[in-house]
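Presented below is the structure to which this report refers.
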Amino acid sequence: MIVAEQKPFGQVKEFVEGYRKIMVAGCGACVTVCLVGGEAEVKVLASGLRIAHLQEGKATEVLEACVTRQCEPEFNDPLVERIREEGVEAVISLACGVGVNLLAEALEDVPVFPGVNTTFFGGVKEAGTWLELCAGCGECILHLTGGICPVARCAKSIMNGPCGGTNDGKCELGGETACAWALIIERMERLGTLDQLEAVQPARDWSTGHYGGPRRMTVEAVQAVAKEE
Amino acid sequence: MRVANECLTAPCSAACPVQTDTRGYADAVARGDYERALELLLEANPFSSVCGRICDHPCEQACRRSKIDAPVGLRALKRFVVEHTGEHRRARRARQPVLYPERVAIVGAGPAGLTAAHDLARAGYAVTVFERGDAPGGMLGATIPRYRLPYEVVREDIDDILALGVELRTGVEIGRDVTLDDLRREGFSAILLATGLSESHSLTIPGIGSEGVLLAVPFLEAARLGTTTPVGDRVVVIGGGNVAFDVARTARRLGASEVTCACLESREEMPAHEWEITEALEEGIQVMPSWGPRAIVAEEGRVRGIELKKCLRVFDEEGRFAPTFDEGHIATLLADSVILAVGQRADLACIEGSSVQIERPGRLRYSERTMATSEPGVFACGEVATGPGSAVRAVADGHRAARAVAHYLETGELLEQEPVTPPTLGELPDAVAEKVRRVAPVALRHAPAEARVTDFGDFEAGYSEAEALREARRCLACAAGAFADDDRCAGCLTCVRVCPYGVATVDKTAAMPEEMCQACGLCAAECPAAAIALQRFGTYRMREELSALLAQIPESELPRPLVVSYCCLFEVTSRSFVRAHPADLAETGIARVMVPCVARLSVPDILAPYELGADAVVIISCADGECMYPTAEQRLAGRVRRAKALLDEIGLGAERLDHWKTHESAEVSWTAFWEISKRKLAQTAVKETVG
């Protein structure tokens, strides 16, 4: 799941300085699940903006909205219509970067500002804590590493084992971060597959990741069918 | 779209013969709205004052709280409501307009007949109730001992009914003074017989005709009137039902020092209510279960004692009444009086001279479904038709009869009425029950037994206001909890993680099974999709409520600084803080919002007041460690921290939000908290000006 963190209130408030009709638009998917951008947080941010503007004696109108998923044009369309109808001058999107991109594209001439910093692909460690577990590298090697990703979970994305900085199972960066390779080795030992690490892997082609440029995926089955003549 | 499941009745209401909205009135009491509670009571039961004293409370027997600690004291709460809303009740009396030409005659002014009279009058019919006694009330006034039910209490209910315009003719015995045919000729289009079971059964044992052998009904009637002949020192009561105990406890109060109840049933089978038996035992009454009457021991025609024989079994394999005895096992008790409380039968003199048929002596030919007798236009209800039952059952039957009669008058047809069993919840699952905080019930205060037996005074003290509020809060709000909106739910599992009772589950979307939800509101307050609503509290709706509250005062008259205080409803011991008067706000500068547990406030709820111009928000929760809901205090603290951080970021300042914990009670500590918060604001204002 895409994990994001809220931007500082002050920063977001500055984005919309000077606009008199603002909308805060949330997203009902990932940012709801990681508790930063769903309908509840839309209410919190909208409330905060209203209070701040009230203090400054500004008569700003702050509207609230939430879309099922901002990464789908069809879900954004009704919101776009409403934005036009109501004459909204600026939008703060609490969706992940994907949503901001698409909503901005759909609106063209109405600025869309990000309300969150999109951070990583992650999963829940325990209630309220998400960890980065996948880097979207485009060439998954989890079959080689016992299901633990060295691209995402090793600070240096090393492919062949722990570096010299590994420190009692923790990454040399410090803090709570585990050494991914320590985890991999422990796991593969339990699986009885440790010896597979001795196989020589060819040099990795990193171009499948973001490093090779923005990616695109197509599935023919749902593409629009050309009209028959 | 949010949809609450309105199909399930709370178990207490489902168990009530008249389906009183018990859950509703408990909530109304807890919110300090006693008048609304009264409306809910009277909606279902015109005999609410009576039932507040003597109802056998099937609602309490069904109360799901029993599994946790003890049922909610619903009967005593009912008593509290009627005792504290007298003025309101009298003020709401109004004569009902007569809309139809048809007149209804009701024979018998007991609870069944008068309930039917009440309903028919409200429906627009002219009703006349004929009562052979001097005063209305049936058994409620005539035989139920005053220490259980003072007559003034019965009159509260009856006066309301008569105020509708129901005509009462006392001292008129139908069948003797006037026949049913006479009533027809007088112009009554329908007749309802509600004459009850006014005659005591006797026994055919030797010596039964001796002086000093009495029957329960005439004995209790005389006791009510103060006309009993001395019962002597030793009294034996034959019978194990509630009437037997009424008799025994009455005899005790008339001076008997040794009173014994002997009955066929074993202790477990005894039909009297457990609490009746307990109170009787406290009063020194002896109980001899599994004994049957054999013969009266008399001397010169006067009772000296009674011979009892051991009863081995009361009911046969098919459950029929067929007692078997050990004739060789005899006990003899000395007695100055022997009083028989072995059941009652109907006096059907009212049908004399008419063509209404009987099934057998003492039983009318009667259809339970249509409530019709053999004679068109003549119906029957209450114990004369159903056999013995409680007061609330009589009320239920009266309601049924009114529907039957009204239908007949409107269409000329009989109405078939099926018994109603509303769908309700099952038992509270053990896994949830163990997590619910135990709260001991408020004990009903009874005068000590030695004092009680000296007179017929009321010995149960009703709840004080603080007690009623405390007891009403114990209601679990069964089937009135949280529900999630499928359309908004993202399946994020927050509700599952936050629920202190392990109730919330997510399959694709969240569900809070009604069987289990405790309505704490924590899931609703934490849900990131704002997808959960509570049936009883508007999470995220505080802005609207506050707007409405503040709108009552012109902007120029709003006090400054304006402080909005969210206060925990569960800490009040009186109504003084519950009713929010606009004048209050203008005077104190505090806009009070009572919340049933402030831990259900979401962050937007906490921020809402500032949007409306409040200078500060004060949250007052319950005393430390006292919160009804586990983990709620910590959740609220987390939300307060978040709100404070946001207030700092906004530039308003975290000190504009205060969170206090009640000390002792609302009345003791809240005013001081508000003063401190306001003073702090004044100082901040000074600092801002100076700085």
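No value in this document is a laboratory result; all are computed from the given coordinates. As the structure is a prediction and not an experimental result, all values here were calculated from the model. Neighbour counts run over all protein chains shown; Cβ positions are idealised from the backbone, glycine included.
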Helical contribution to [θ] at 222 nm, DSSP H n ≥ 4, -39,500 (n - 2.57), averaged over chain A, rounded to 500: -9000 deg cm²/dmol
Rg to Rh, two decimals, where chain B supplies the alpha carbon set and Rh follows Kirkwood: 1.05
Taking the convex hull of the alpha-carbon atoms of the protein assembly as shown and averaging its shadow over every direction gives an area in square nanometres of 57.7
Extent of the stretch B:624-691 along each principal axis, from alpha carbon coordinates, in Å, largest to smallest? 44, 29, 10
Please list, in order, the residues from the stretch A:206-222 whose amide nitrogen is less than 20 Å from a point placed 7 Å along the Cα→Cβ vector of A:H143. A:206-209
Determine the dipole magnitude for the protein assembly as shown: charges of +1 sit on the beta-carbon of Lys and Arg, -1 on that of Asp and Glu, nothing else is charged, the reference point is the Cα centre, and the result goes in debye to the nearest 20. 1140
Among the listed pairs A:K7/B:K508; B:K67/B:K508; A:K125/B:K508, those beyond 24 Å (Cα-Cα): A:K7/B:K508; B:K67/B:K508
Taking beta carbons within 10 Å but only from partner chains, what does the mean come to for residues A:30-43? 6
Which whole-number percentage describes the relative contact order of the stretch B:625-691, with Cα contacts under 8 Å and a sequence gap of 6 or more? 16
Arrange the following residues from fewest to most other Cβ atoms within 10 Å of their Cβ: B:M542, B:M594. B:M594, B:M542
What angle do you read, to the nearest 10 degrees and between 0 and 90, between the alpha-carbon axis of helix B:542-551 and the longest principal axis of chain B? 90
Contact order relative to length of chain B, as percent, for alpha carbon pairs under 8 angstrom and 6 or more apart: 13
Cα-based convex hull, the stretch A:115-218, per residue volume (Å³, whole number): 161
Can you order the peptides B:499-509, A:46-56, B:409-419 by their average number of other Cβ atoms within 10 Å per residue, highest first? A:46-56, B:499-509, B:409-419
How large is the direction-averaged shadow of the alpha-carbon convex hull of the stretch B:142-201, in nm²? 5.9
Debye sum, Cα scatterers, the stretch B:546-664, no solvent: what log₁₀ I/I(0) at q = 0.20 1/Å? -1.14
Helix B:216-225: angle to the longest alpha-carbon principal axis of chain B, degrees 0 to 90, nearest 10? 70
So what are the stretch B:201-355's ellipsoid semi-axes, whole angstrom, largest first, if each one is the square root of 5 times an eigenvalue of the alpha-carbon gyration tensor? 22, 21, 18
For B:M628, A:M159, order by how many other beta-carbon atoms lie within 10 Å, fewest first: A:M159, B:M628
Place a point 7 Å from Cα of A:R82 in the direction of its Cβ. Which residues in the stretch A:18-32 have their backbone N less than 17 Å from it? A:21-29, A:32
Any idea how far apart B:T278 and B:E545 come out in nm if each label point goes 7 Å out from Cα toward Cβ? 3.7
Mean 1/r over distinct Cα pairs of chain A, inverted to a Kirkwood Rh in Å, yields 20.5
Looking at the stretch A:61-192, send over the antiparallel percent of its DSSP beta bridges, to the nearest 5. 70
Residues meeting the amide H criterion for B:V593 (H placed from the backbone, H to H distance under 5 Å, 5 or more places apart or on another chain) are B:S565, B:Y566, B:C567
Peptides B:370-383, B:141-154, B:265-278: what's the order by average Cβ count within 10 Å, highest mean first? B:370-383, B:141-154, B:265-278
Give me the extension gain from B:K508 to B:H88: residue separation times 0.36 nm, minus the current Cα-Cα distance, reported in nm with one decimal. 146.2 nm
Taking B:H118, B:H663, B:H57, B:H581 and counting other beta carbon atoms within 10 angstrom, the fewest-first order is B:H581, B:H663, B:H57, B:H118
Would you mind calculating the relative contact order of the stretch B:597-661 from Cα pairs under 8 angstrom and at least 6 residues apart, reporting the percent as a whole number? 44
When you look at the Cβ of every residue in A:46-58, what mean number of other chain Cβ atoms sits within 10 Å? 5
Relative to a virtual label point 7 Å from the Cα of B:S665 in the Cα→beta-carbon direction, which members of the stretch B:428-472 show backbone nitrogen distances below 11 Å? B:464-470
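Listed here are the pairs A:K13/A:K58; B:K644/B:K680; A:K43/B:K435; which of them are more than 24 Å apart at the Cα?
Flagged as over cut-off: A:K43/B:K435.
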Suppose R0 equals 30 Å. What FRET efficiency, 1/(1 + (r/R0)^6) with r the Cβ-Cβ distance, do A:S207 and A:N160 give to the nearest 0.05? 0.95
So for the stretch B:359-500, considering every pair of alpha-carbon atoms, how many percent are separated by more than 23 Å? 67
Give me the Kirkwood hydrodynamic radius of the stretch B:81-193 in Å, from all C-alpha pairs, to one decimal place? 14.7
With charges only on Cβ, +1 for K and R and -1 for D and E, what is the dipole size of chain B about its Cα centre, in debye, rounded to 20? 1320
Given a Förster distance of 22 Å, the FRET efficiency implied by the Cβ-Cβ spacing of A:Q196 and A:M217, rounded to the nearest 0.05, works out to 0.15
Could you pull out the GluC sites (Glu not before Pro) across the stretch A:97-177 that fall in loop regions by DSSP (anything but H, G, I, E, B) with no more than 16 other Cβ atoms inside 10 Å? A:E108, A:E139, A:E172, A:E176
Distance between modelled label sites at B:T631 and B:K435, nm, 7 Å Cα→Cβ extension: 0.7
Neighbour-limited loop hits for trypsin sites (Lys or Arg not before Pro), the stretch A:139-229 (at most 11 other Cβ within 10 Å; DSSP other than H, G, I, E, B): A:R215, A:R216, A:K227
Convex hull projection area averaged over all views, the stretch A:63-119, Cα basis, nm²: 3.4
Separation between the B:L334 and A:E17 pseudo-spin-labels, each 7 Å from Cα along Cα→Cβ, expressed in nm? 10.4
Give me the angle, in degrees from 0 to 90, between the Cα long axis of helix B:391-411 and the longest principal axis of the Cα atoms of chain B, rounded to the nearest 10. 90
Per-residue ellipticity at 222 nm for chain B, helices alone: DSSP H runs ≥ 4 residues times -39500 (n - 2.57), over residue total, nearest 500 deg cm²/dmol? -10000 deg cm²/dmol
